[in-house]
Amino acid sequence: MDNLKTEIKRINGYLKEVVTFFDESGKPISQLMNPIMVELAPRDVLQIFVGAFLIASPLCFTEEVWNLSESLRAKNVYALGLISIITVTMFIYFNFYRYRIAGNVVAFFKRVVATYLISVSSIMLLLTLIDKFPILHDPELAVKRVIIIGFPTVFGAVISDYIK
């Protein structure tokens, strides 16, 4: 289309897609700015942590989750973890990198890994503080608790990261 121009600009330290609309004479009449979220900035890390912590906090304190982690078969827990990884990776791809994956593959994987590491770290911190992370005497139970709580937690983290 001849009546618009799209540019990528850094504004206040953040990448933005600036779309300028022109009238028939070629004069700009309006601009639209969209955030381009292909970089993992400290603000993004904080948003991921807050989103993960927001979801993990109530779940870490529930006895139902502790009992579920004891009774659920490991195969089911690992399947839950795999579904989580696939879903969040697809969400990050389609909402952050879909049309900008070229040249940003490393940043894409960095965001996926950072989302999971921050989410898992927040869960482990909370479970350790309430003495429900038995990593030394029952590591399988500890991992199962992290995966079960991590399923909704990572979704909270990625949604929080997406909101700008």
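Throughout, read-outs are computed from the coordinates displayed, never taken from laboratory work. Since the model is a prediction, treat every value here as computed from it, not as a measurement. Glycine also receives a Cβ, built like all others from the backbone with ideal geometry; neighbour counts cover every protein chain displayed.
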Notebook entry, point to check: What is the magnitude of the charge dipole of the chain about its Cα centre, with +1 placed on the Cβ of each Lys and Arg, -1 on the Cβ of each Asp and Glu, and no other charges, expressed in debye to the nearest 20?
Noted result: 340 debye
Check: What are the ³J(HN,Hα) values, in whole Hz, obtained from phi via the Karplus relation 6.51 cos²θ - 1.76 cosθ + 1.60 with θ = phi - 60°, for each residue of region 55-72 in sequence order, with x given for Gly and Pro?
Finding: 7, 5, 3, x, 5, 5, 8, 9, 5, 4, 5, 4, 5, 4, 5, 7, 9, 6
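May I ask for the Rg/Rh ratio of region 1-58, computed from Cα atoms with Rh as the Kirkwood radius, given to two decimals?
Numbers: Rg = 17.4 Å, Rh = 13.9 Å.
Over the Cα atoms of region 1-58, Rg/Rh equals 1.25.
Can you give the extra length, in nm with one decimal, that the chain gains between N76 and R43 once fully stretched, where that is 0.36 nm per residue apart less the Cα-Cα distance? Before the final figure, lay out each step's value.
Working: separation 33, 0.36 × 33 = 11.88 nm, distance 3.46 nm.
Here the answer is 8.4 nm.
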Note to self: Output wanted: per-residue J couplings in Hz (rounded whole) for region 85-100, from phi through Karplus 6.51 cos²θ - 1.76 cosθ + 1.60, θ = phi - 60°, x for Gly and Pro.
What the structure shows: 4, 5, 5, 5, 4, 5, 4, 5, 4, 6, 9, 10, 10, 3, 9, 10
Check: From the phi of every residue in region 109-121, what ³J(HN,Hα) in whole Hz does the Karplus formula 6.51 cos²θ - 1.76 cosθ + 1.60 yield, where θ is phi - 60° and glycine or proline is x?
Finding: 5, 4, 5, 4, 5, 4, 4, 6, 5, 5, 5, 5, 4
Next item on the list: Tell me what the chain gives for mean residue ellipticity at 222 nm when only DSSP H runs of n ≥ 4 count, each as -39,500 (n - 2.57), the sum divided by the residue total, rounded to 500 deg cm²/dmol.
Entry: -20000 deg cm²/dmol
Item checked: Unsatisfied cross-links (Cα-Cα over 25 Å) in the set K132/K164; K75/K132; K9/K110; K16/K110; K110/K164 -> K132/K164
Margin query: Suppose the Debye formula is applied to equal point scatterers at every Cα of the chain; what is log10 I(q)/I(0) at q = 0.09, 0.18, 0.19, 0.20 Å⁻¹?
Written below: -0.40, -1.05, -1.13, -1.20
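How high is the relative contact order of the chain, in percent, counting Cα pairs under 8 Å that sit 6 or more residues apart? Kindly include the intermediate steps, with their values, before the conclusion.
On the way: 198 pairs, mean separation 50.0, N = 164.
Relative contact order comes out at 31 percent.
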